1. Quick check: convex hull over the Cα atoms of chain B, volume per residue in Å³, rounded to an integer?
2. Using the Cα atoms as the points, what is the convex hull volume per residue of the protein assembly as shown in Å³?
3. Calculate the FRET efficiency for residue A:12 and residue B:59 from the Cβ-Cβ distance with a Förster distance of 30 Å, rounded to the nearest 0.05.
4. Mind putting a number on the dipole of chain A about its Cα centre? Charges go on the C-beta only, +1 for Lys and Arg and -1 for Asp and Glu, and I need it in Debye to the nearest 20.
5. Straight-line reach from residue A:57: which lysines have Cα under 22 Å away, leaving out those fewer than 8 places along the same chain?
6. Compute the accessible area per residue over the protein assembly as shown, keeping the other protein chains in place, probe 1.4 Å, unit Å².
7. Could you please report the charge total around residue B:112, scoring K, R as +1 and D, E as -1 over all other residues with beta-carbon less than 14 angstrom from its beta-carbon?
8. Determine the sum of side-chain charges near residue A:113: Lys and Arg each +1, Asp and Glu each -1, restricted to other residues whose C-beta is under 14 angstrom from that of residue A:113.
Amino acid sequence: KAGVTQTPRYLIKTRGQQVTLSCSPISGHRSVSWYQQTPGQGLQFLFEYFSETQRNKGNFPGRFSGRQFSNSRSEMNVSTLELGDSALYLCASSWREGDNEQFFGPGTRLTVL
Amino acid sequence: GEDVEQSLFLSVREGDSSVINCTYTDSSSTYLYWYKQEPGAGLQLLTYIFSNMDMKQDQRLTVLLNKKDKHLSLRIADTQTGDSAIYFCAESMAIVGYSTLTFGKGTMLLVSP
């Protein structure tokens, strides 16, 4: 069974631009969560989606947004990029909301110059 | 609030046992997890324990939970050089419908031959 896939794997943007990251969950999984990983702050929760609805949101500014489609694929968008947004963005999928097993993708490495 | 603490670094020799420790503060945690991250990769779920359990064993991995002290440990028997990675402890809250994981900063395990 294919794992969680994230595209693109690497991205370089400049300050002020916007970016869209994509996540395809494991087939049959309906819940998708996003995390930001930085050396300073570690792994921080961004948001969680289930059945196209945002169920939970972390403490990030409104520049960070996301959505989930009917096929459970999810995208996250960051507008007006800042240098501090440089990070590894990880997506995790699980069968259902509140599921105890979450499987992570390889991440998208975003560099903001 | 919730907070997960881990020691930052552990060095062992190949063949020895490794013990990685973690403390958490959220007494309502339902599940406690161990994830492994190799360089340039996403997070791999190693094992998890339900908060009403004391111990879980899975091949070379043993998880011990002391709920009174809110202390979690991961023991890796017969540690191999391939076990060198960053190990993250994480907890999930006991809120139905939410899968949010709170992570520690990670313990870097270095296994020398």
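1. Roughly 98 Å³ of hull volume per residue.
2. 123
3. The value I calculate is 0.15.
4. Working: 12 positive and 8 negative charges, 44 e Å.
The dipole magnitude comes to about 220 debye.
5. Partners found: B:105.
6. Details: 10800 Å² over 226 residues.
Accessible area per residue: 48 Å².
7. On the way: positive: B:13; negative: B:14, B:16, B:83.
That sum, taken over residues with Cβ under 14 Å, equals -2.
8. +1
The values are calculated or read from the model by the stated rules, or taken from the named source; none is laboratory data. Predicted model only: the values in this text are computed from it and were never measured. Virtual Cβ from ideal backbone geometry, glycine too; neighbours counted across all protein chains shown. For accessibility, only protein heavy atoms count, side chains too; no ligands or nucleic acids. Shrake-Rupley method; radii C 1.70, N 1.55, O 1.52, S 1.80 Å.
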